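Working notes, beginning with the structure itself.
Any read-out appearing in this document is the output of simple, stated calculations on the displayed coordinates, not a laboratory observation. The model shown is predicted, which means the values in this text are computed figures rather than measured ones. Ideal geometry is used to build each Cβ from the backbone, glycine not excepted, and the neighbour counts take in all protein chains shown.
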């Protein structure tokens with residue numbers, strides 16, 4: 001991460017604009033125990049109240065880190081019932097990083113956010129149809145499978 | 001000179017800054033060795 005990902009100017013800009021960046025050695029107690037860290041790098045999106053919203057373990061290149069962080073921002077807002085803010089981040093991910101590893105979960109959550117806003121089930125079905133067309137083998141397509149019947 | 005990420009190193013400081021700025025924290029547990 002230090003040699004490939006973090007030096008990228010777009011990564012620096014994205015992190016500084018959207019987060020308070022915090023680095024802690026993986027052997028630093030009690031934090032590593034409190035967060036049950038077993039391998040590095042472990043990246044966690046935390047609320048300012050120290051609530052965990054998203055976690056990845058292992059190396060991410062710049063092309064995967066930014067969408068993963070967008071997913072973390074989306075989940076941070078989603079889990080605080082801020083569906084408009086969550087949708088803005090998730091749509092940014094789906095539109096800008098359509099082939100990233102984070103895209104299928106973002107498509108799933110876009111459907112859920114739209115349903116939460118409107119109580120119209122159609123966005124859930126739309127999410128399944130998009131997932132089955134673009135990511136037929138994704139676990140998120142399987143999780144959305146029941147929505148085909150809506 | 002290229003910009004660098006301004007990492008904080010103290011949890012309490014980062015949480016306090018996050019509350020003031022209305023931003024979440026990106027917490028990176030790294031291998032110190």
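Assorted remarks:
- Candidate set from the stretch A:51-70 (those that are without any contact (Cβ under 8 Å) to a residue 40 or more places away in the chain and in contact with a helix residue (DSSP H, G or I) (Cβ under 6 Å, 6 or more places away or on another chain)); member that is surrounded by the most Cβ atoms within 10 Å (Cβ to Cβ): A:70
- Flag if residue A:85 is surrounded by fewer than 22 Cβ atoms within 10 Å (Cβ to Cβ), out of contact with any helix residue (DSSP H, G or I) (no Cβ under 9 Å at 6 or more places or on another chain) and not in a loop (DSSP other than H, G, I, E, B): no
- Members of chain B found to be under 10 Å from the mean Cα position of the chain (by Cα), part of a loop (DSSP other than H, G, I, E, B) and more than 7 Å from chain A (Cβ to nearest Cβ), listed by number: B:10
- Residues of the stretch A:1-15 classified as surrounded by fewer than 16 Cβ atoms within 10 Å (Cβ to Cβ) and either facing chain B (nearest Cβ under 7 Å) or more than 19 Å from residue A:64 (Cβ to Cβ) (or both), total: 2
- Top-ranked residue in the stretch A:18-30 [being in a loop (DSSP other than H, G, I, E, B) and at the interface with chain B (Cβ under 7 Å from one of its Cβ atoms); ranked as farthest from residue B:21 (Cα to Cα)]: A:27
- Evaluation of residue A:48 against the conditions (1) in contact (Cβ under 8 Å) with a residue 40 or more places away in the chain; (2) touching a helix residue (DSSP H, G or I) at 6+ places or on another chain (Cβ under 8 Å); (3) assigned to a loop (DSSP other than H, G, I, E, B) shows that the sole unmet condition is (1).
- Any hit, the stretch A:31-45, residues being surrounded by 23 or more Cβ atoms within 10 Å (Cβ to Cβ) and at the interface with chain B (Cβ under 10 Å from one of its Cβ atoms): yes
- Residue in the stretch A:89-98 that is in contact (Cβ under 8 Å) with a residue 12 or more places away in the chain, surrounded by 15 or more Cβ atoms within 10 Å (Cβ to Cβ), closer than 14 Å to residue A:145 by Cα and touching a helix residue (DSSP H, G or I) at 6+ places or on another chain (Cβ under 8 Å) present: no
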